[in-house]
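Here is the structure we will look at, set down as structure tokens.
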């Protein structure tokens, strides 16, 4: 069994990304992590286990779901482009880190050119 990541562990990882911010726009139990005001991750802090939603390439999303029971279609999100990742200790931390990187990079690629350039400064 892998280490079960806590809310504080995830928050620290997510806020390490360049220009990453966090807020609670929907309610007081869903923290939203953004880059240049676009969401790349959400954490439902009132679930047990914690649920981390991450943006994902649709083909990659399907592959991850087929190999890992702890990865399901994104809860309250576009099921094609978002995964919910259950922090139940069954996934290696390295895989979680890769999925976070992938989500952040997808959002950065989708930014308009001026925002991407500002991000690089």
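Collect the residues in segment 103-120 that are within 20 Å of residue 72 (Cβ to Cβ) and buried (at least 19 other Cβ atoms within 10 Å of the Cβ), keeping them in residue-number order.
103 - this is the single residue of segment 103-120 that is within 20 Å of residue 72 (Cβ to Cβ) and buried (at least 19 other Cβ atoms within 10 Å of the Cβ).
Quickly run through segment 22-44 and pick out the residues that are more than 17 Å from residue 110 (Cβ to Cβ), out of contact with any helix residue (DSSP H, G or I) (no Cβ under 8 Å at 6 or more places or on another chain) and part of a strand (DSSP E or B).
Of the residues in segment 22-44, the ones more than 17 Å from residue 110 (Cβ to Cβ) are 22-31, 43-44.
Filter once more, keeping what is out of contact with any helix residue (DSSP H, G or I) (no Cβ under 8 Å at 6 or more places or on another chain): 23-30, 44.
Residues satisfying the conditions are 23, 30, 44.
What number of residues within segment 86-121 satisfy the criterion of being within 18 Å of residue 34 (Cβ to Cβ), touching a helix residue (DSSP H, G or I) at 6+ places or on another chain (Cβ under 9 Å) and not in a helix (DSSP H, G or I)?
1
Here's a check for you: in segment 49-85, which residue that is in a strand (DSSP E or B) and in contact (Cβ under 8 Å) with a residue 40 or more places away in the chain is surrounded by the fewest Cβ atoms within 10 Å (Cβ to Cβ)?
55
Please specify each residue of segment 1-33 satisfying the condition of being under 22 Å from residue 120 (Cβ atoms) and either loosely packed, with under 12 Cβ neighbours inside 10 Å or without any contact (Cβ under 8 Å) to a residue 24 or more places away in the chain (or both).
Within segment 1-33, 15, 16, 18, 21, 22, 33 qualify.
Coordinate-derived values only; no laboratory data. Computed from a predicted model, the values in this text were never measured in an experiment. Positions of Cβ are generated from backbone atoms using ideal geometry, with glycine treated the same way; all protein chains shown enter the neighbour counts.
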